[in-house]
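Asker: Sharing a structure here in structure tokens format.
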Amino acid sequence: MAALASFARICVSDLDAGLKALTASGVTDVRLRFGHPASLQLALVGEVLVLAGSDEVIEPFRSTDVTVIVDDLDGAVAAALSASAEIIREPAEQQVGRNATVAFPGGPIIEYVQWNEETRTVAGL
């Protein structure tokens, strides 16, 4: 398993307002924009993943510290489990590929994502 990229995460109530704030900060390349089955809207802007939704919808996602794009989701989850991590969200199919979220003891909560080919191409990976 190899990590291909990692993205800081921010949560906002309105995606367009969040994107406007990042644009004002000098981050201008919206590389990807997509929906999530949990009624979230997401955008990849520079090295930031913006998650947008109501407080109720976004709450379960706030505790995740970082999103790591990997070439092998199953390998990433297996490596995390061998390091005593706990699975918070089981591997699942998403519009952009597959993802899973794990919590490491005394450490970070990481979302691993294995993008599909189309998403990797659009995102430039």
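Asker: Can you tell me which residue is farthest from the chain's Cα centre (by Cα) among those in region 9-41 that are among the aliphatic types (A, V, I, L, M), in a strand (DSSP E or B) and farther than 21 Å from GLU56 by Cα?
Answerer: In this case the residue turns out to be VAL30.
Asker: Taking region 22-32 as the search range and keeping residues that are surrounded by 13 or more Cβ atoms within 10 Å (Cβ to Cβ) and either out of contact with any Leu (no Cβ under 7 Å at 6 or more places or on another chain) or more than 22 Å from TRP115 (Cα to Cα) (or both), which one is modelled with the lowest pLDDT?
Answerer: This residue is VAL27.
Asker: Six or more apart or on different chains, Cβ atoms under 7 Å: show the pairs whose first residue is in region 63-87 and free of Cβ contacts under 8 Å to residues at least 12 places away in the same chain and whose second is outside any helix (DSSP H, G or I) and of a type in the set (Gly, Ala, Ser).
Answerer: As it stands, the answer is none, since no pair meets every condition given.
Asker: Just name the residue that is farthest from ALA76 (Cα to Cα) out of those in region 86-96 that are aliphatic (A, V, I, L, M) and loosely packed, with under 14 Cβ neighbours inside 10 Å.
Answerer: So the residue we want is ALA92.
Asker: If you don't mind, there's one more thing I want to ask. When both residues are 6+ apart or on different chains and their Cβ atoms are under 7 Å apart, which pairs have a first residue that lies in region 107-119 and is within 10 Å of ALA76 (Cα to Cα), and a second that is small (Gly, Ala, Ser)?
Answerer: As it stands, the answer is TYR112/ALA76; TYR112/ALA100; VAL113/GLY97; GLN114/GLY97, since those pairs meet every condition given.
Asker: Look at region 1-20 and say how many of its residues are of a type in the set (A, V, I, L, M, F, W, C) and surrounded by 13 or more Cβ atoms within 10 Å (Cβ to Cβ).
Answerer: Summing the residues that are of a type in the set (A, V, I, L, M, F, W, C) and surrounded by 13 or more Cβ atoms within 10 Å (Cβ to Cβ) in region 1-20 gives 9.
Asker: Same structure, new question: Quick one: in region 47-64, which of the residues that are assigned to a loop (DSSP other than H, G, I, E, B) and surrounded by 15 or more Cβ atoms within 10 Å (Cβ to Cβ) is nearest to the chain's Cα centre (by Cα)?
Answerer: Among those that are assigned to a loop (DSSP other than H, G, I, E, B) and surrounded by 15 or more Cβ atoms within 10 Å (Cβ to Cβ), it is THR64.
Asker: In this structure, does VAL77 turn out to be touching a Phe, Trp or Tyr at 6+ places or on another chain (Cβ under 7 Å), at pLDDT 95 or above and not in a helix (DSSP H, G or I)?
Answerer: Against the criterion (touching a Phe, Trp or Tyr at 6+ places or on another chain (Cβ under 7 Å), at pLDDT 95 or above and not in a helix (DSSP H, G or I)), VAL77 does not qualify.
Asker: Can you tell me which residue in region 97-115 is farthest from VAL30 (Cα to Cα), limited to those that are touching a strand residue (DSSP E or B) at 6+ places or on another chain (Cβ under 9 Å) and exposed (fewer than 14 other Cβ atoms within 10 Å of the Cβ)?
Answerer: PRO105
The values are calculated or read from the model by the stated rules, or taken from the named source; none is laboratory data. Owing to the predicted nature of the structure, the values given are computational and were not obtained by experimental measurement. Neighbour counts are summed over all protein chains in view; Cβ atoms, including those assigned to glycine, are modelled from backbone coordinates with ideal geometry.
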